[in-house]
Amino acid sequence: MRIAEQVTFGGSALDRADALRTDPAALAAARADPRARAVALWRGKPLLAGARRDRLARLPLDHPALAEAATDLLLGCEAGAAVFAADLSAWVPPEGVPETLGAFADPSEQRHPALPADHAFAELRTHMVALAPRDAELAATARGLLGWHRSHGFCARCGAPSAAERAGWMRRCTACGAAHFPRTDPVAIMLVTRGDHALLGRSPGFPEGMYSLLAGFIEPGETVEAAVRREVAEESGIRVGRVGYMASQPWPFPASLMIGCHAEAVSAEIRVDPTELEDALWITRRELQDVFAHAHPRLSAPRPGAIAEFLLRAWLADRLD
Ligand SMILES: [Zn+2]
């Protein structure tokens, strides 16, 4: 699809510098280079800069704010200089930890006393659309990788502690030697259409008025196409024929890869599975235009930056190729 990489987190061709990960001398030299930088995260929230929080901050590795943070996780290289991820999660903000941390949308911001006034840790979901593609890719990579380290401190095979290797792109068990790699969980998300209608569903817990595309985790032993057909049938009772790939989106909340598909329905009658969905409906292009114009009486617009919004806009613009 020609427009596939315009999706938020769609990639900026970051040089991930794989060769540096396994070359300790070259990695040490890259760290010692004064042009090396770190992007900082606090409990999953990236450090953003600018009054509108539309830039990912890059700090020199000797910045006082990083004094107690590990900065040994290599994200890649920009203009020949290494970029690392720094985890400041151990820091406790003066005002304490907000109750909204980890909520669907966390409006709180945290300002570190050693950083300029226009720098703050802020929720990536809220600000991702404003970031340039490179900043979005670095933020998504850092968030996904730090989250994996945080939840994979022990060997899944024997339970002993594991330790990071390869500049943060592997963990090795200290007892049995098993190697563990950062995980990415594939999720199929599908634009199901039937003529001039698209299928939308509403999960329990969605904000009021919000409907989105159906989606579900791909299971072991399953193709993307089979997962699309199974999820749509399970959740809505709709049978699907042809399935085609449209675009993908890394979704580091915490570790998903959204695989966006177009699926053609071969049945029309909706039977919602109440354990999966609160409601599902067919919407026409005309109605969807009203939704995007915030003029629909019941439905609110999909969240900007999410691949569901991207796929629906592509359908409205008749750009499913
Ligand atoms: Zn082990």
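The values are calculated or read from the model by the stated rules, or taken from the named source; none is laboratory data. Since the structure is predicted, the reported quantities are computational estimates derived from the model, not experimental observations. Here Cβ is always computed from backbone atoms with ideal geometry, including for glycine, and neighbour counts include all displayed protein chains. Note: accessible area is taken over every heavy atom of the protein model, side chains too, but ligands, DNA and RNA are not part of it. Shrake-Rupley method; radii C 1.70, N 1.55, O 1.52, S 1.80 Å.
List of remarks:
- Pairs, first closer than 23 Å to D72 by Cα and open to solvent by 40 Å² or more (accessible area, probe 1.4 Å) in the stretch 156-167, second hydroxyl-bearing (S, T, Y) and more than 11 Å from the ligand (Cβ to nearest atom), C-beta under 8 Å, six or more apart: R166/T22
- Top-ranked residue of the stretch 199-216 - restricted to ones that are part of a loop (DSSP other than H, G, I, E, B) and crowded, with 19+ Cβ neighbours inside 10 Å, ranked as nearest to the ligand (Cβ to nearest atom): L213
- Put simply, of A178, A233, A140 the only residue that is in contact (Cβ under 8 Å) with a residue 60 or more places away in the chain and surrounded by 13 or more Cβ atoms within 10 Å (Cβ to Cβ) is A140.
- Any chance S267 is more than 22 Å from the chain's Cα centre (by Cα), surrounded by fewer than 19 Cβ atoms within 10 Å (Cβ to Cβ) and among the polar types (S, T, N, Q): yes
- Test for P182: is it closer than 24 Å to A90 by Cα, more than 16 Å from the ligand (Cβ to nearest atom) and part of a loop (DSSP other than H, G, I, E, B): yes
- Scanning the stretch 80-92 for residues that are in contact (Cβ under 8 Å) with a residue 40 or more places away in the chain and out of contact with any Cys (no Cβ under 9 Å at 6 or more places or on another chain) yields G80, A81, A82, F84, A85, A86, D87, L88, S89, W91.
- Taking the numbered list (1) more than 16 Å from the ligand (Cβ to nearest atom); (2) out of contact with any helix residue (DSSP H, G or I) (no Cβ under 7 Å at 6 or more places or on another chain); (3) farther than 28 Å from L138 by Cα in turn, I238 passes all entries but (2).
- Top-ranked residue of the stretch 185-198 - restricted to ones that are open to solvent by 20 Å² or more (accessible area, probe 1.4 Å) and either under 21 Å from the mean Cα position of the chain (by Cα) or hydrophobic (A, V, I, L, M, F, W, C) (or both), ranked as farthest from the ligand (Cβ to nearest atom): P186
- Between A65, A82, A114, A120, the distinction of being at pLDDT 95 or above, in a helix (DSSP H, G or I) and over 19 Å from the mean Cα position of the chain (by Cα) belongs to A65 only.
- Number of the exception - A301 against (1) within 19 Å of the chain's Cα centre (by Cα); (2) over 13 Å from M190 (Cα atoms): (1)
- Test: E219 is within 16 Å of D185 (Cβ to Cβ), open to solvent by 60 Å² or more (accessible area, probe 1.4 Å) and without any contact (Cβ under 8 Å) to a residue 40 or more places away in the chain: yes
- Considering the conditions (1) more than 16 Å from the ligand (Cβ to nearest atom); (2) assigned to a loop (DSSP other than H, G, I, E, B), A175 is excluded by exactly one of them, (1).
- Answer residue from the stretch 17-47, given it is in a loop (DSSP other than H, G, I, E, B) and open to solvent by less than 80 Å² (accessible area, probe 1.4 Å) and is farthest from V92 (Cα to Cα) among those: D23
- Taking every residue in the stretch 268-292 that is more than 20 Å from G216 (Cα to Cα) and pairing it with any residue that is part of a loop (DSSP other than H, G, I, E, B), at least 6 positions away or on another chain, the pairs with Cβ-Cβ distances below 6 Å are T284/D196; R285/D196; D290/H296; V291/L299; V291/A301; F292/A301.
- Restricting R157, R150 to those that are within 16 Å of the ligand (Cβ to nearest atom), over 13 Å from the mean Cα position of the chain (by Cα) and more than 25 Å from A308 (Cα to Cα) reduces the list to R157.
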